[in-house]
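See structure below.
The values are calculated or read from the model by the stated rules, or taken from the named source; none is laboratory data. Because the structure is predicted, anything quoted here is derived from the model rather than measured. Please note that ligands, DNA and RNA were not included when accessible areas were found on the heavy atoms of the full protein model with its side chains. Shrake-Rupley method; radii C 1.70, N 1.55, O 1.52, S 1.80 Å.
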Amino acid sequence: MNVLLSLLLLLAPVKLEHGQFTILKDGNKIGTEDFSIARRGTGYLVEGKMTIGERTVSSQMELDDRLAVVSYQVSTVEGSLSVKITSPVSELQSVVNGQTSSADFRFPPGGIILDDDFFHHYLILMYRVAAGQNSFTVFVPQEMKNGTATVRRTGAGMYDLEAGEVRLKATTDADGRLTRLVVPSANVVVQR
């Protein structure tokens, strides 16, 4: 990460908040996602809980003051996945049906986590966009692989996002908070 981007991230106005997204598919409500961004030491703690039908998934991500990932954990009733970011080698540990396994891997420098189960991760992505970044290396925990994401501004508070094969449209309010995320190919709308 270059020095200018680091400086911009320090100045980025991250909003400490508790909120909820409503998840709609084909115009019908299918679930909700509660999330929070709180200060933790000199960084941030980002938590989320997504419920669709009977399925509930919870996550917790620690970020440093530059919005870089320090650790991540996601859990369901079936198990959990934990990521601890260190350089040059990070650790991923999974627990499924009581069986634990772990693997070392290289988390991309300056990378972000975009979990397939959560939309609030795009909040962090949009704060990094507000700080001047528009191209990202992404780690997707469920796939245990790195990818890319790009963001292009299309108007005031309007953005096109490409995250791997997925195309999204994002809307932010005047304070830079994500208010709406649309996945046109899946006919999914996520909104506050």
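In whole percents, the pair-distance distribution calculated for the chain from its alpha-carbon pairs, binned every 10 Å from zero, is 9, 36, 40, 14, 1. Taking every DSSP beta bridge that has both ends in the range 49-167, the antiparallel portion is near 95%. Pairs with C-alpha atoms separated by more than 24 Å, drawn from the list Lys84/Lys169; Lys84/Lys145; Lys25/Lys145; Lys25/Lys49, are Lys84/Lys169; Lys25/Lys145. Of the residues Val140, Val129, Val69, the one that moves most in a GNM of the chain with alpha-carbon contacts below 10 Å is Val140. For the options Ala163, Ala103, Ala174, a Gaussian network treatment of the chain with springs between C-alpha atoms closer than 10 Å singles out Ala174 as fluctuating the most.
Centre-to-centre separation between the Cα atoms of the range 39-71 and those of the range 132-167: 18 Å.
Adding -39500 (n - 2.57) for every DSSP H run of four residues or longer, then dividing by how many residues the chain holds, sets the calculated 222 nm ellipticity at -3000 deg cm²/dmol. Computed on protein heavy atoms with a 1.4 Å probe, the accessible areas place Lys25, Lys49 in the order Lys49, Lys25, largest first. Accessible surface area normalised per residue over the chain is 52 Å², counting heavy atoms of protein chains with a 1.4 Å rolling probe. Here the contact order of the chain, divided by its residue count and restricted to Cα pairs under 8 Å and six or more residues apart, works out to 16 percent. With no solvent and one equal point scatterer placed on each C-alpha of the range 116-192, evaluate the Debye formula and give log10 I(q)/I(0) for q = 0.12, 0.18 Å⁻¹, two decimals. Log10 I(q)/I(0), no solvent term: -0.30, -0.69.
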